[in-house]
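What follows is calculated from the coordinates using simple rules that are stated; it is not laboratory data. Fair warning: this is a prediction, and the values are worked out from it, not measured in the lab. Cβ placement follows ideal geometry from the backbone for every residue including glycine, while neighbour counts extend to all protein chains displayed.
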Amino acid sequence: MITPYTLRLLAYAVVIVGLIKIIIARLQSPLAKLPGPKYTSFTSLVLKYKELTHGRRVYVHDLHQKYGPVVRLSPNEVSYATVDAAKEIYLSGGSGYDKTPFYTLFTQFGTRTLFSTLPRADHSYMKRYLADRYANTNIMKPEVLNGISNHAKDFLNKCMEKCSSPDGFADVYVHLHCFALDGVTHHLFHPYGTHANVNDKDLRLMQELSYHDSLASNYIIYYVPALTKLVAYLSPPKLSPLSNEYVLKTSAAKDPSAHSLLSKLQSHAKATPSMPPYGVPAECKDHLAAGVDTTGDTLCFLMYQLSLPTPASTRVQSLLHQELVQNPTVPFDQLPYLDAVVKEGLRCFPPIPMSLPRFVPDGGSTIEGYWVPGGTIVSCQAWTLHKDPNVFPQPLEFIPERWLDEDKEAVTERNRWSFAFSVGGRGCLGRHLAIAEMKTLLREVYSQCRTTLSPHMTGDMQMEDQIIATRPKDQTCKLVFEKIGQTWALQ
């Protein structure tokens, strides 16, 4: 007869044997040979903790600093920090490896969008009917650029108004996100776009999109779907009634401008009976959400950098001002110093600095000399690629001149390593729009003004990770705008 004591011993033995088998399997895994902390062979808990506490980006970067360009992050995940690895993961075979289920977090109205579609073949089909709206030839049309320019003027007028108030400063975190909202809705929905720097209702829409923190909740739901209801009760998901109402209503509007994304989506929906019921508003909501925080946050970090009370920042502002006032009619894409400032801003403050995970295809792949089996999660992150000292000397310094280096081979190599918008067919579709917005805004401001930090600026501007983007930790950046003449002596 088996006693209760014997049953307990058998249960313990089964658990111990199971653990031993898991340990042996992990030690025999091909990933066990990769550089990285020993514990990453056995558990992903440390990585998950870093993700839940806004620390993944820095954690991964620090591991690369210690272990080199290839780092094991967990029993089934590897990070790379070389341009060749990025080429393999994101470009090979046409559009690179397939996305992981992580991107399911970015579905809208229960519908997969271009960004959240996982297989590359499906993505390629969807991209074909959207890509022309984001092509540089479309972005450079007067009807697009004039809209962006008008919103840049609204931004500067609002900031000057705030600086003339008793407070004497403008919180550009707010007004840059308004500008980004207005820019993206002009592109998506014209003539039904927002004017958040002049309209309080549109301002509230921006605040709904930009001031919520659902990182921990989203990660818990992603890793433990069974806890979805509990998480929703303890930490309700991001609610966006204003933006949902705006997108649903506007997506059904008649006669959008020919250059708009909505025009193309509506035409495609009419010609494609199999398109999901919420296909048009889901795609619009996804582009709307993607276009606000990325551009707004990058511009906020960049203007803060330019406004620091240091000789280096003063010098950059002065050189930028001189180029802009000396070339008032030259198109923004033909101004080399403005281009260098934007490129350096994207290097130091990339819109998506985090890892972009992909699945190694069946059969496995050899990446940076290490074979990894199919199904392994692999990724690169811009934050680390942009800080390789062999490509970017003094990588922690803001030096626009590195993009104007007389050594053309060095500049070409830096461009190869630029990962601000990812690379390949699944790279950021809106990169040309984002660059046009950034250059137009900077031109509007620094052709007329000098910006400095307000004495009231006590907020923390450290980068705080969200899901894949990042933002200033305290979500405030108080600057003083001072109108200046046509010349500004180099200080």
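Which pairs turn up if I take residues in region 456-477 that are closer than 16 Å to ASP213 by Cα and look for partners that are buried (at least 19 other Cβ atoms within 10 Å of the Cβ) and of a type in the set (Phe, Trp, Tyr) with beta carbon separation below 6 Å, at least 6 apart in sequence or on another chain?
GLN475/TYR173; THR476/TYR173
Without any contact (Cβ under 8 Å) to a residue 60 or more places away in the chain, under 30 Å from THR458 (Cβ atoms) and either crowded, with 17+ Cβ neighbours inside 10 Å or in contact with a Phe, Trp or Tyr (Cβ under 8 Å, 6 or more places away or on another chain) (or both) - does that describe any residue in region 216-230?
Checked against the condition, which is being without any contact (Cβ under 8 Å) to a residue 60 or more places away in the chain, under 30 Å from THR458 (Cβ atoms) and either crowded, with 17+ Cβ neighbours inside 10 Å or in contact with a Phe, Trp or Tyr (Cβ under 8 Å, 6 or more places away or on another chain) (or both), region 216-230 yields at least one hit.
Could you pull out every one of the helices (runs of 4 or more DSSP H) wholly within region 139-227 that has 3 or more residues that are farther than 30 Å from HIS259 by Cα and more than 22 Å from the chain's Cα centre (by Cα)?
Per the criteria, 142-163.
Given the conditions (1) touching an Asp or Glu at 6+ places or on another chain (Cβ under 9 Å); (2) exposed (fewer than 15 other Cβ atoms within 10 Å of the Cβ); (3) closer than 19 Å to GLN475 by Cβ, report the number of the one that ARG204 does not fulfil.
Looking at each condition in turn, ARG204 falls short on (1).
Here are some residues: LEU118, LEU105, LEU114, LEU91. Which one is surrounded by fewer than 18 Cβ atoms within 10 Å (Cβ to Cβ), part of a loop (DSSP other than H, G, I, E, B) and not small (Gly, Ala, Ser)?
Just one listed residue meets the conditions, LEU118.
In region 280-324, what count of residues is obtained for those that are part of a helix (DSSP H, G or I) and over 25 Å from HIS212 (Cα atoms)?
Counting residues in region 280-324 that are part of a helix (DSSP H, G or I) and over 25 Å from HIS212 (Cα atoms) gives 16.
Of all residues in region 418-466, which are buried (at least 20 other Cβ atoms within 10 Å of the Cβ) and among the aromatic types (Phe, Trp, Tyr)?
If the condition is that a residue be buried (at least 20 other Cβ atoms within 10 Å of the Cβ) and among the aromatic types (Phe, Trp, Tyr), then PHE419, TYR446 are the ones that fit.
ARG426 is checked against (1) in a loop (DSSP other than H, G, I, E, B); (2) more than 14 Å from the chain's Cα centre (by Cα) and fails just one. What number does that condition carry?
With respect to (1) in a loop (DSSP other than H, G, I, E, B); (2) more than 14 Å from the chain's Cα centre (by Cα), ARG426 is out only on (2).
Could you grab the pairs with beta carbons closer than 7 Å, sequence gap of 6+ or different chains, first residue in region 423-448 and in contact (Cβ under 8 Å) with a residue 40 or more places away in the chain, second one in a loop (DSSP other than H, G, I, E, B) and among the charged types (D, E, K, R)?
none
Tell me yes or no: at least one residue of region 442-463 is more than 29 Å from GLU323 (Cα to Cα), in a loop (DSSP other than H, G, I, E, B) and of a type in the set (A, V, I, L, M).
no
Output the number of residues of region 349-370 satisfying the condition of being outside any loop (DSSP other than H, G, I, E, B) and either touching a Phe, Trp or Tyr at 6+ places or on another chain (Cβ under 7 Å) or within 17 Å of GLY96 (Cα to Cα) (or both).
Looking only at that region, the number is 6.
Quick check on region 121-132: of everything there that is more than 16 Å from TYR97 (Cα to Cα) and hydrophobic (A, V, I, L, M, F, W, C), which residue is surrounded by the fewest Cβ atoms within 10 Å (Cβ to Cβ)?
ALA131
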